[in-house]
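Comments concern the structure below.
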Amino acid sequence: DLSYDQPFATVGEGELIGEASCLNYQPRSATVVAAEDGTIVFEMLRNVLDILRRNREFKRQMEAKYRERALENHLRSVAVFRDLPKDFIDYLRNKVELVGFNPGEMICRQGDTADAFYLVRMGHVKVYESFADGQGLVLTYLSRSQYFGEIGLLGGGARTANCSALDHVECV
């Protein structure tokens with residue numbers, strides 16, 4: 001996660017890059033160049049990354065790095081969070097929950113009690129309404145830095161639509 005005013009970052013030993021592209025079959029979103037001669041990079045196949053993501057310690061480390069390095073830039077990429085004071089962003093850093101969903105998994109159901117606001121960190125979310133006759137209507141598709149769940153929280157306490165993961169989805 002890089003900000004537009006500082007589009008460069010140094011990736012050190014043991015760091016993971018390209019996981020979002022790998023998991024969701026998406027094009028790469030950044031160019032990575034070796035800063036030193038003799039740099040060694042290991043390529044990890046998707047199935048290995050899937051196995052690692054199920055390991056609690058690996059997941060904990062990845063979440064800690066995200067909170068430390070990328071959460072502020074990610075929040076500030078969204079207009080409603082752009083002007084929040086740094087102190088408040090720092091307060092949120094360890095308060096937010098990072099949640100993941102598998103392809104096809106329901107994130108929230110229409111009519112359920114609204115209990116969270118979601119900011120898409122990775123993947124694609126389908127937002128749709130269900131009707132009594134069994135028909136549904138897709139309202140939109142969301143991707144990185146788009147959010148959902150605010151309407152139910154602000155307007156009565158119930159979810160107004162269904163949201164499901166189209167691919168591997170991670171949300172704040």
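When the range 73-89 is filtered for residues that are more than 16 Å from the chain's Cα centre (by Cα) and open to solvent by less than 60 Å² (accessible area, probe 1.4 Å), the ones remaining, listed by number, are Leu84, Ile89.
From the list Gly18, Gly111, the lone residue that is modelled with pLDDT of 90 or more, closer than 23 Å to Tyr141 by Cα and surrounded by 11 or more Cβ atoms within 10 Å (Cβ to Cβ) is Gly111.
Is it true that some residue in the range 5-14 is out of contact with any strand residue (DSSP E or B) (no Cβ under 8 Å at 6 or more places or on another chain), exposed (fewer than 10 other Cβ atoms within 10 Å of the Cβ) and of a type in the set (D, E, K, R)? Yes, the range 5-14 contains a residue that is out of contact with any strand residue (DSSP E or B) (no Cβ under 8 Å at 6 or more places or on another chain), exposed (fewer than 10 other Cβ atoms within 10 Å of the Cβ) and of a type in the set (D, E, K, R). Looking at the range 111-170, the strands (runs of 3 or more DSSP E) lying wholly inside it that each contain 2 or more residues that are more than 29 Å from Arg54 (Cα to Cα) sit at 125-130, 136-142.
For (1) in a helix (DSSP H, G or I); (2) within 20 Å of Asp167 (Cα to Cα), each residue gets a yes or a no:
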{"residue": "Cys22", "(1), (2)": "yes, yes"}
{"residue": "Asp37", "(1), (2)": "no, no"}
{"residue": "Asn47", "(1), (2)": "yes, yes"}
{"residue": "Tyr91", "(1), (2)": "yes, no"}
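The values are calculated or read from the model by the stated rules, or taken from the named source; none is laboratory data. Just so it is clear, the structure is predicted and the values come from calculations on it, not from any experiment. Here the Cβ is made from the backbone with ideal geometry for all residues, glycine too, and neighbour counts use every protein chain on show. Note: areas computed on protein heavy atoms with side chains; ligands, DNA, RNA excluded. Shrake-Rupley method; radii C 1.70, N 1.55, O 1.52, S 1.80 Å.
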